[in-house]
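Take a look at the structure set out below.
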Amino acid sequence: ITDDGESRLNWSNKWPMFLQAAMLVRDSDAYTEEFDTAMRAMTVTGLNYSTAYKQTENRAMWGVVLNLASGAFLGDRAVFDKALFRWSDLMATCIAGNVPVSEIDRGSNSLYYCNFYLNAATQAAEIARFSGEWLYDWTGPDGSTFRETWQKVAYWTAHPEAFPYWQPTGTPRIQAHVDPLHALWPTDDSQLLIDTYTTTQDYFGFRQGILAYRGRPLFG
């Protein structure tokens, strides 16, 4: 890992997949004490590279994903709770009027980055949900909600010609958040995304979401 923004971002959105996989096989005989020790050491070291408190916008939210996954894996409630606070703080500062305003000033990639931000916010919310914390009822200081933000971005993604800030380049690629958010708050627009694309187009992890959420409700 190098000490630069891109490396921090890559670590933040890749290592949580390994943590989730490790937690799934903890009861296996193949999950040895030596392996657990190595995973814990790497996780503690990797926390120093988290973007959660070092950067802003989607990079910071990906850092929250890493911190939540790390806190859950390590059983470190202090790390976990600090990341929960940072999630709420970022949602309040990055979303206004149900728009990810932190991401719209990116030219023709703006709509992609609106989805990229929600991708991280949703993966963080899912880690929290499996640890007993429900974040989907978030409401911001100006009345913005997670639900309405998602529905607005889903509409734009299904109808990119309606995106009012920049004309997107190409067809927006579906990302990992679409399946769980569609499972929770289905709309015609999100159904169009489900019917048109597959999560295999998303190379930022969480491809298992297509199996875990598609056609199933999401409960607290």
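The values are calculated or read from the model by the stated rules, or taken from the named source; none is laboratory data. Remember, it's a predicted structure, so these values are computed and weren't measured experimentally. Positions of Cβ are backbone-derived with ideal geometry, glycine not excepted, and every protein chain shown enters the neighbour counts. For the accessible areas, the whole protein counts, side chains as well, though only heavy atoms, and no ligand, DNA or RNA atoms are used. Shrake-Rupley method; radii C 1.70, N 1.55, O 1.52, S 1.80 Å.
Tabulated results
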read-out: All helices (runs of 4 or more DSSP H) inside segment 56-148 with 2 or more residues being touching a helix residue (DSSP H, G or I) at 6+ places or on another chain (Cβ under 9 Å), under 22 Å from Ala41 (Cα atoms) and open to solvent by 20 Å² or more (accessible area, probe 1.4 Å); value: 57-74, 77-94
read-out: Asn98 out of contact with any Leu (no Cβ under 9 Å at 6 or more places or on another chain) and at pLDDT below 95; value: no
read-out: Ser12 being in contact (Cβ under 8 Å) with a residue 24 or more places away in the chain and of a type in the set (Ser, Thr, Tyr); value: yes
read-out: Residue ID - least open to solvent (accessible area, probe 1.4 Å), chosen from residues in segment 26-55 that are part of a helix (DSSP H, G or I) and aliphatic (A, V, I, L, M); value: Met39
read-out: Odd one out for Val65, checked against (1) closer than 30 Å to Ile95 by Cα; (2) modelled with pLDDT under 95; value: (2)
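Residues checked against (1) among the aromatic types (Phe, Trp, Tyr); (2) closer than 23 Å to Gln55 by Cβ; (3) at pLDDT 95 or above:
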position: Glu103; (1), (2), (3): no, yes, yes
position: Leu111; (1), (2), (3): no, yes, no
position: Asn115; (1), (2), (3): no, yes, no
position: Asn119; (1), (2), (3): no, yes, no
position: Leu135; (1), (2), (3): no, yes, yes
position: Trp138; (1), (2), (3): yes, yes, yes
position: Arg147; (1), (2), (3): no, no, yes
position: Val153; (1), (2), (3): no, yes, yes
